[in-house]
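Report on one structure; see the data block that follows.
The values are calculated or read from the model by the stated rules, or taken from the named source; none is laboratory data. For clarity, every value in this text was computed on a predicted model and none was experimentally measured. Here the Cβ positions follow ideal geometry from the backbone for every residue, glycine too, while neighbour counts run over all protein chains shown. Just the protein is used for accessible areas: all its heavy atoms, side chains included, with ligands, DNA and RNA removed. Shrake-Rupley method; radii C 1.70, N 1.55, O 1.52, S 1.80 Å.
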Amino acid sequence: MRRKFIAGNWKMHLLPPEARALARAVKELAAGLPQVDVAVAPTFAGLAAVAEELKGSRVGLAAQNCHWEIQGAFTGEVSAEMLRALGATHVIVGHSERRQLFGETDETVNKKTHAAHRAGLKPIVCVGETLAEREAGRTLEVVERQVRGALREVAPERMPQLTLAYEPVWAIGTGKVASPAQAQEVHARLRELLGELYGRGLASEVRLQYGGSVKPDNVKDLMAQPDIDGALVGGASLKADSFAALLRM
Ligand code: PGA
């Protein structure tokens with residue numbers, strides 16, 4: 001049985017003290033809900049404060065991005081090892097905002113996935129189609145290309161630590177959530193693809209999150225789908241009360 005995994009992506013929101021306060025609330029909530037795995041992803045600037053708050057708790061700490069090199073002349077970048085040293089346990093890679101606004105490609109997503117593993121961080125690898133791609137009937141082809149690219153040469157023994165997040169670009173921050181059936185269709189294909197790449201046993205272990213306008217009022221129906229094992233949540237993770245409602249699903 002795969003445990004549900006809810007991660008809050010705080011994007012470029014919350015000053016460090018605000019992030020810390022929200023992390024405290026999430027920590028207290030999570031303590032009472034041992035059946036669900038939880039992580040929060042503050043900005044780089046908030047990581048240290050949130051790490052301190054989460055120390056010894058069961059809430060994972062995710063960075064929102066990393067560089068693939070260990071160190072070097074890469075002004076403005078942060079390595080997976082540095083994130084790990086700050087207390088991070090996870091890192092989001094290939095979020096569609098990074099792909100669309102900051103030039104991430106399947107190749108850089110792959111390098112970052114390897115870097116995460118090298119540093120002992122659990123990657124949350126994001127894939128998802130744009131509205132134009134969906135309307136052109138290319139959804140499955142696009143996510144398949146992204147998954148194959150992201151997982152190139154990722155060893156089978158790494159896969160249980162990895163989470164794959166399906167986030168249709170048209171659903172992110174728009175209030176337009178994929179229907180449970182639409183999301184399940186893609187998740188089922190992702191599971192099948194993982195089976196082709198790694199065998200059915202491993203494919204059945206990997207958690208597949210859905211992301212894109214997940215809210216307290218739609219989380220339950222999404223989570224009831226057989227191949228949806230959690231959610232990567234932006235907007236609704238920024239307030240303690242809605243985060244609580246997501247975790248209680
Ligand atoms: P949203 O963001 O929940 O605000 O749509 C999801 C995400 O980008 O991970």
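Is it the case, given these coordinates, that V154 is among the aliphatic types (A, V, I, L, M), in contact (Cβ under 8 Å) with a residue 40 or more places away in the chain and surrounded by fewer than 23 Cβ atoms within 10 Å (Cβ to Cβ)?
The answer is yes for V154.
Filter the stretch 157-182 down to the residues that are β-branched (V, I, T) and in contact (Cβ under 8 Å) with a residue 60 or more places away in the chain and list them by number.
Across the stretch 157-182, the qualifying residues are T163, V169, I172.
Out of A7, A62, A80, report the one residue that is in contact with a Cys (Cβ under 9 Å, 6 or more places away or on another chain) and of a type in the set (A, V, I, L, M, F, W, C).
A80
For the stretch 190-219, enumerate the residues that are assigned to a helix (DSSP H, G or I), away from the ligand (no atom under 15 Å from the Cβ) and under 18 Å from the mean Cα position of the chain (by Cα).
The answer is L190, R191, L194, A203.
So, in the stretch 54-68, of the ones that are open to solvent by less than 80 Å² (accessible area, probe 1.4 Å) and farther than 17 Å from F5 by Cβ, which residue ends up nearest to the ligand (Cβ to nearest atom)?
N65
Tally the residues that are more than 15 Å from the chain's Cα centre (by Cα), of a type outside the set (A, V, I, L, M) and not in a loop (DSSP other than H, G, I, E, B), restricting the search to the stretch 1-52.
Number satisfying all stated conditions: 10.
Identify the single condition in (1) open to solvent by less than 20 Å² (accessible area, probe 1.4 Å); (2) within 16 Å of the ligand (Cβ to nearest atom); (3) more than 25 Å from R200 (Cα to Cα) that Q100 does not satisfy, given that it satisfies every other one.
Just one mismatch for Q100, condition (1).
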